[in-house]
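*Asks:* My questions all concern the structure below.
The values are calculated or read from the model by the stated rules, or taken from the named source; none is laboratory data. Since we're looking at a predicted model, the values are computed, not measured. A quick note on method: Cβ atoms are made from the backbone with ideal geometry, for glycine too, and the neighbour counts reach across all protein chains shown.
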Amino acid sequence: MALPAYFRRGADVSVTDVLLKTISVHKRFGGIAATRNVSLEILAGEVHALIGPNGAGKTTLIAQLSGLLTPDSGQITFDSHDITDLPIYDRVKLGLARSYQITSIFKSFSVLDNIALAVQARTNTSYSVWKPIASDSALFDEAFALTEEIGLGARSDSIAGQLSHGEQRQLEVGLALATKPKLLLLDEPMAGMGPEESERLVGLLDKVRQQVTVLLVEHDMDAVFRLANRVSVLVNGELIVTDLPDVVRNSDEVKRAYLGDEVAS
Amino acid sequence: MFNQPGRAICLLVVVALAILFPPLMQWGGNEYFIGIASRMLIYGIAATSLNFILGYGGMVSFGHAAFLGVGAYTAAILVESGWSSALIVWPLAMLLAAAIALLIALVSLRTTGVYFIMITLAFAQMLYYIAVSMNAYGGEEGLNIPRVTIPGLDLESDTQLYYVAFVLVCSVIYLLHRVINSRFGRVLTAISENEARMQALGYKTMHFKLVAFVLAGAVAGIAGALLATQNSFVNPSIMHWTSSGLLLFMVILGGVGNKYGGLIGAIVFLGLEDFAVNIRIDWLADLYPNYSQHSLLLVGLVLLTVVMFAPHGIAGLFSKGGRRVSH
C-alpha cells in the first residue's frame, strides 16, 4: 500500500504497512454495547488520533487493543500476529505498549528505578536473584538516557510519588516508551496538564514519532490536530469516520456528533 | 538512625553476643535459655521467609505454618523410618515444603486480598487435619523422634544445635538480602506496589509471585525440620492456624519489609511469652492472680503498642524508611 503524499507530515516516514488492525470488534457490558463493529487500521509510522465524546468507548477500545479486555467477537492483529486473546504481557513483548489515563507509576520508586523496570522487562534477566542490581550499570545507563529523553533527567533521583502532576504524566508516557514499542497506545496523556506541560509533552511526542507509531486518545484538540496524521472518531462505540485531520475537522457528521461548539467558534 | 559503618559495628556486636551467648549462659548456670534462644532463631527463619513474601511480595499468607508443618513432619517421618542424617532429612523437608507451596500457590495466587488470606488459611487447615488423621504418626498426639545427626557435630547438645540454627538464620537473612537487592527482588517489590502496570510493562507477574512463594515455603520447611529436631517431637499444632497467626504476629512486630524484621519479631515474641509465663510480677499477680495463664494478653498489648506507635515494627525504629533498596 502506497502512502499518500499528504501523509508525509513532519516525520521521515517510509514504512507503509498496516501495523495494527481490528476487524469487526464488539464488546458489550450487560446491556451496553461499548464497542460496536469497530474496524480500524493503524499504519506503521503514523500518529493516529482517536477522538470522541466522553463515554464513546475510547478507553474500552484501548483496553481491548492492549489486552486488558478481550473482545466478545472480532479479531485484532498486530504486526501480522493474531493477538485477540493474547494477555497484556505477551502483547508488550510483541511491541505493543500503553500508557494510562489515570497515572499508574511506581510511586515509591525513584524516577530512574521506574524506567529501569521497563528497560529490564525487555531483557530475560528478571529471574536473577543473586547479583546486586545496584552494580548493574548497563541497566541504569540505558534507563538514565531514557529519563533524559523524556525530559526528566534532572529528576531521575526523585521519588516518583513526589513529582508534580505534569511530571508524573511524563513518566507515565515514559514507562510505555521505555519498553521500546512499535506501537504506543496513549490514553489521554495530557489529562489534567497545564498548557506549558502539555506543550512539553507534545514536543516529546513529536520527537518520538520518528521511531514509533502512536495511537493517541486525547481531548486536547489542539494537540490532536498538531500531531495526528489521521483522525478516527468514535461515537457511542461506533467508528464514524477515519480521515485526515482537516477532513475530520470539516465533516458535518463529526461536527454534529461531537466537535460542534469547538469548530463553530 | 545509623550510618553505614555504625550499622556494621552494630551488626558485629550483635553477632558476637549471639556467638558468646551459650558459653555465657553455661557459665551462669542458665542452660535453659539456650533452648529458648534456639527456638527464637528457628522461628526467626520461618518468620523471615514469611516476611519475604509479605513484606516484599505483598502476599499476606495466613497459612505459612503449613510449610513449617510439612518440613517438621517430613523430618519426623524420615527419622522414624531410619534416616537420621540431617544432610538428607533437611533438604528433603525443604523440597517437600517447596512442592506443597507450589501446589498451594498455583491455586491461591489466582486470588488477591482477603480471598488470598482465606484460601491460604484454608489450605493450612486442610494440612492440619491431614496431620491429625495420620494415626501411624501419632495423630493428634504427635510423635517423639530422636534428633537427626550431622557428621562431626553432636546435635544432642543444645549448644551445638543453637549454633546450627544460628548459622542457618544468618544464611537465610543473607539470602533475603541478596534476593531483594537483585533484579528479581526489584520486580517483586514493584509487583506488590502496582501489579497491573508491571503486566503492562511485559512482566508475567504470576510467575514471579509463584517463585517467591515457593522459595518462602522451602525456607519455612527447613525451619520446621529444625523445630522437630529441637523439640525431639512433632504434633499437628505446629500447623494449626494459630501457628500461622503467630508467624504473622512476629513479622508485624519485628517489621514488615525489613530483612531483620522476622528474626527480631521471633525473639521479642517468644521472649515475652517466656517472660510472661515464667517470671512472676508481684504487683500484677496481686491485681490478677491468674495472669500467667493468659500470657498472650501481655503479648497482645505489646503488639497493640507497636502497631500504634511503631508502624514499621521494632526494626523500623532503627532504620528510616521501609523496604526500598538503594543503589
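*Asks:* Quick check on A:ALA134: is it surrounded by fewer than 17 Cβ atoms within 10 Å (Cβ to Cβ), at the interface with chain B (Cβ under 8 Å from one of its Cβ atoms), farther than 22 Å from B:MET206 by Cα and modelled with pLDDT under 95?
*Replies:* yes
*Asks:* How do the pairs read when you match residues in segment A:84-96 that are more than 8 Å from every other protein chain (Cβ to nearest Cβ) with residues anywhere that are crowded, with 19+ Cβ neighbours inside 10 Å and part of a helix (DSSP H, G or I), using Cβ under 9 Å and keeping only pairs 6 or more apart or on different chains?
*Replies:* Cβ pairs passing all conditions: A:THR84/A:GLN64; A:ARG91/A:LEU65; A:ARG91/A:SER66; A:LEU96/A:LEU65; A:LEU96/A:SER66; A:LEU96/A:ILE88.
*Asks:* Please specify each residue of segment A:153-163 satisfying the condition of being under 27 Å from A:ILE88 (Cα atoms) and buried (at least 18 other Cβ atoms within 10 Å of the Cβ).
*Replies:* Within segment A:153-163, A:ALA160 is the sole residue that qualifies.
*Asks:* Let me ask something else. Identify all residues within segment B:189-235 that are of a type in the set (A, V, I, L, M) and under 25 Å from A:LEU94 (Cβ atoms); write none if there are none.
*Replies:* B:ALA190, B:ILE191, B:ALA196, B:MET198, B:ALA200, B:LEU201, B:MET206, B:LEU210, B:VAL211 - these are the residues of segment B:189-235 that are of a type in the set (A, V, I, L, M) and under 25 Å from A:LEU94 (Cβ atoms).
*Asks:* Could you run through segment A:1-37 and say how many residues are under 18 Å from the mean Cα position of the chain (by Cα) and modelled with pLDDT of 90 or more?
*Replies:* Selection size over segment A:1-37: 5.
*Asks:* Give segment A:212-235 a look and list any residue that's part of a loop (DSSP other than H, G, I, E, B) and at pLDDT below 90, or say none.
*Replies:* Selection gives A:HIS219, A:ASP220.
*Asks:* Would you point out which residue out of B:ALA200, B:ALA228, B:ALA196 is surrounded by 24 or more Cβ atoms within 10 Å (Cβ to Cβ), over 12 Å from the mean Cα position of the chain (by Cα) and within 14 Å of another protein chain (Cβ to nearest Cβ)?
*Replies:* Matching residue, one of B:ALA200, B:ALA228, B:ALA196: B:ALA200.
*Asks:* Quickly run through segment B:126-174 and pick out the residues that are within 20 Å of B:VAL219 (Cα to Cα), assigned to a helix (DSSP H, G or I) and of a type outside the set (A, V, I, L, M).
*Replies:* Correct list: B:TYR128, B:TYR162, B:TYR163, B:PHE166, B:CYS170, B:SER171, B:TYR174.
*Asks:* Hey, could you check segment A:106-123 for residues that are of a type in the set (A, V, I, L, M) and facing chain B (nearest Cβ under 7 Å) and say which is nearest to A:ASP90 (Cα to Cα)?
*Replies:* By that ranking, first place goes to A:ALA121.
*Asks:* While we're looking at this one, here's another question. Among the residues of segment A:51-77 satisfying the criterion of being outside any helix (DSSP H, G or I) and within 14 Å of chain B (Cβ to nearest Cβ), which is farthest from the chain's Cα centre (by Cα)?
*Replies:* Across segment A:51-77, the extreme among qualifying residues is A:LEU69.
*Asks:* Kindly provide the set of residues from segment A:164-216 that are among the basic types (Lys, Arg) and buried (at least 21 other Cβ atoms within 10 Å of the Cβ), ordered by number.
*Replies:* A:ARG169, A:ARG209, listed by residue number.
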